[in-house]
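These notes concern the structure reproduced below.
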Amino acid sequence: MGQDPAPNVVSNDHALVTPGVAGVLAGLGVIAAIGLGWVIGRSGAGMAPFPIGGIPGAAVAMHGAVAAPAVLGPMSISIVAKDIMFEPKAVTLPSVGPVMIELENAGKIEHDLVIDNPRLHIVPRPGARASAQTLFEKPGTYQFYCSIPGHKEAGMVGTIIVGSGAARSTASRPQSPAPAPTPQAMTHASGIAPRIAGNVPLAPFAIDGKTKSFELVAKVVSWEVVPGVFEEAWTYNGTMPGPMIRVNEGDTVRVTLTNRLPEPTVVHFHGPRLDNKHDGVPDVTQPVILPGQSFTYDFTAKPSGTFMYHSHHNSAVQEPKGLMGMLLIDPAPGTSEALRDARFTRDYVQVMSEFSGYFTINGHAFPSTDILEASLGDRVRIRLVNAGQAPHPMHLHGYHFKVIGTDGRPFPETAIYEKDTISIFPGERYDIEFVADNPGLWVFHCHILSHVTNHGVEPGGMLAVVKVS
Ligand SMILES: [Cu+2]
């Protein structure tokens with residue numbers, strides 16, 4: 001069997017609160033005040049506290065005046081997912097406000113519960129429960145569904161009817177951007193390790209002489225882009241970027257892609273020399289791979305260098321959702337590139353892309369971006385890759401770096417040049433190097449400054465820290 005090292009990111013039993021909700025709740029100082037009778041957050045905000053009647057698990061009856069603000073103790077809902085339905089299929093809430101939704105997966109297969117707006121995603125394992133809180137700010141009818149491919153179509157949908165305007169559909173409401181989840185106190189230097197990393201080297205599932213066989217599975221997961229913020233990602237093997245395929249120049253590379261997406265796909269290996277039939281272009285070199293089907297690509301790995309792979313079907317949608325990854329071909333022993341590569345004591349890959357309104361490096365926005373560590377004297381290579389749709393001028397503080405190659409090809413010695421900012425366009429790669437001779441914490445970031453924000457809040461986005469110690 002093939003490699004599938006990173007299962008769904010959020011298959012835990014703990015609550016997952018989506019970014020918007022977390023931000024709103026944190027910002028409003030919401031306190032789960034049910035049973036206390038008073039809402040402390042309201043009085044803390046300079047408003048007169050008012051009583052709410054409610055017990056855990058019961059609907060909150062707002063009373064008193066005027067469109068009560070929608071932010072007091074949470075109501076709660078319990079929903080059971082079975083094979084293949086939700087029970088109950090319809091839930092009515094008396095008013096707008098925060099709601100704790102618990103999903104029990106009583107089935108034997110994967111289910112989740114998704115609401116698009118306000119965004120909510122709950123993923124209990126089979127036999128387990130999970131819950132998350134959301135905020136219904138307006139009366140209306142909200143649809144929930146299971147996002148496992150095929151389940152919604154099979155009838156795993158339901159509705160939550162909120163407040164008086166229950167007949168109004170929410171589907172046509174404009175999507176408002178999620179509030180910034182990043183704490184204002186975050187500094188430019190303090191990163192937070194992401195729970196799951198992309199670019200993890202993929203072990204071949206079979207090696208036969210110089211033939212290395214890999215398995216990619218295209219599938220939908222919930223991906224933590226910054227701490228606590230989960231967004232739907234379309235991935236290879238559950239990570240964004242997908243796993244790193246790393247081979248030696250001259251190897252025969254065999255990659256089987258299995259499609260577990262809700263729509264067709266193909267994969268294109270971007271940069272290396274390929275036989276035309278395995279170029280991965282639908283209806284030009286191959287038919288699309290339908291959901292549930294597989295296709296095997298093979299090619300001889302050449303030349304050496306920094307390459308990538310990505311979806312080439314419905315690619316304006318599929319690639320930004322996460323269907324991209326790295327292909328590194330190490331140079332054959334004895335070549336000048338092999339001698340050059342042997343000098344590097346650190347070798348990093350930074351894949352820029354835009355995902356779900358975030359500007360990401362290796363699938364994460366700051367503070368979840370990588371910390372690039374180096375010891376004094378290290379010779380550091382950074383392979384810059386633009387798998388996104390916008391140009392990114394990447395600027396390194398504290399250093400000039402040498403630009404030693406691009407798009408998988410090395411520059412001749414006489415063409416190497418020095419920069420502190422290099423612009424990289426979609427599809428391009430640049431290999432840069434520097435000797436870590438200036439200690440400290442140096443930021444490395446896109447200089448289009450809206451790209452170092454998370455929904456407008458700085459610092460965020462395409463900002464990594466180079467730590468030289
Ligand atoms: Cu940028």
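Determine whether residue 253 is at pLDDT 95 or above and in contact with a Phe, Trp or Tyr (Cβ under 7 Å, 6 or more places away or on another chain). The answer is yes for residue 253.
Listed conditions (1) within 16 Å of the ligand (Cβ to nearest atom); (2) of a type in the set (A, V, I, L, M); (3) surrounded by fewer than 22 Cβ atoms within 10 Å (Cβ to Cβ) are all met by residue 435, apart from (1).
When you scan the stretch 243-256, do you find a residue that is small (Gly, Ala, Ser) and under 19 Å from residue 206 (Cα atoms), even just one? For the stretch 243-256, residues small (Gly, Ala, Ser) and under 19 Å from residue 206 (Cα atoms): present. When 313, 268 are screened for being under 23 Å from residue 223 (Cβ atoms) and touching a helix residue (DSSP H, G or I) at 6+ places or on another chain (Cβ under 9 Å), only 268 passes. Restricting attention to the stretch 204-220, the residues that are at pLDDT below 95 and more than 19 Å from residue 250 (Cβ to Cβ) add up to 1. One residue stands out among those in the stretch 94-124 that are among the small types (Gly, Ala, Ser) and within 21 Å of residue 136 (Cβ to Cβ): the one that is surrounded by the fewest Cβ atoms within 10 Å (Cβ to Cβ), which is 95. Against the definition (within 16 Å of the ligand (Cβ to nearest atom), surrounded by 17 or more Cβ atoms within 10 Å (Cβ to Cβ), hydrophobic (A, V, I, L, M, F, W, C) and under 15 Å from residue 190 (Cα atoms)), how does residue 441 come out, yes or no? Against the criterion (within 16 Å of the ligand (Cβ to nearest atom), surrounded by 17 or more Cβ atoms within 10 Å (Cβ to Cβ), hydrophobic (A, V, I, L, M, F, W, C) and under 15 Å from residue 190 (Cα atoms)), residue 441 does not qualify.
Candidates 413, 428, 373: the one that is acidic (Asp, Glu), within 14 Å of the ligand (Cβ to nearest atom) and in the same structural domain as residue 230 (by TED's automatic domain parsing) is 428.
The condition (being within 16 Å of the ligand (Cβ to nearest atom), among the small types (Gly, Ala, Ser), within 24 Å of residue 233 (Cα to Cα) and crowded, with 22+ Cβ neighbours inside 10 Å) is satisfied by just one residue among 363, 322: 363. Considered as a group, the residues in the stretch 67-76 that are outside any strand (DSSP E or B) and of a type outside the set (Val, Ile, Thr) include one that is modelled with the highest pLDDT, and that residue is 74. In the set (1) farther than 21 Å from residue 457 by Cα; (2) within 16 Å of the ligand (Cβ to nearest atom); (3) surrounded by fewer than 23 Cβ atoms within 10 Å (Cβ to Cβ); (4) among the hydrophobic types (A, V, I, L, M, F, W, C), the condition left unmet by residue 390 is number (1). For the stretch 270-298, the set of residues classified as part of a strand (DSSP E or B) and either buried (at least 21 other Cβ atoms within 10 Å of the Cβ) or not small (Gly, Ala, Ser) (or both) consists of 270, 282, 286, 289, 295, 296, 297, 298, listed by residue number.
Does residue 297 satisfy the condition of being at pLDDT 95 or above, in contact with a helix residue (DSSP H, G or I) (Cβ under 9 Å, 6 or more places away or on another chain) and under 17 Å from residue 215 (Cβ atoms)? Taking the combined requirement at face value, the residue satisfies it. Looking across the stretch 447-469 at every residue that is in contact with a helix residue (DSSP H, G or I) (Cβ under 6 Å, 6 or more places away or on another chain) and near the ligand (Cβ under 8 Å from one of its atoms), the one that is farthest from residue 371 (Cα to Cα) is identified as 461.
Filtered by the rule that a residue be aliphatic (A, V, I, L, M) and more than 17 Å from residue 155 (Cβ to Cβ), the stretch 76-102 gives 77, 93, 96, 99, 100, 101. Every residue in the stretch 336-355 that is surrounded by 15 or more Cβ atoms within 10 Å (Cβ to Cβ) and either within 16 Å of the ligand (Cβ to nearest atom) or of a type in the set (Val, Ile, Thr) (or both), please. Those that are surrounded by 15 or more Cβ atoms within 10 Å (Cβ to Cβ) and either within 16 Å of the ligand (Cβ to nearest atom) or of a type in the set (Val, Ile, Thr) (or both): 349, 350, 351, 352, 353, 354, 355.
The values are calculated or read from the model by the stated rules, or taken from the named source; none is laboratory data. Predicted, not measured: the structure shown is a model, and the values here were computed from it. When we count neighbours, we look across all protein chains shown, and the Cβ atoms used for this are built from the backbone with ideal geometry, even at glycine.
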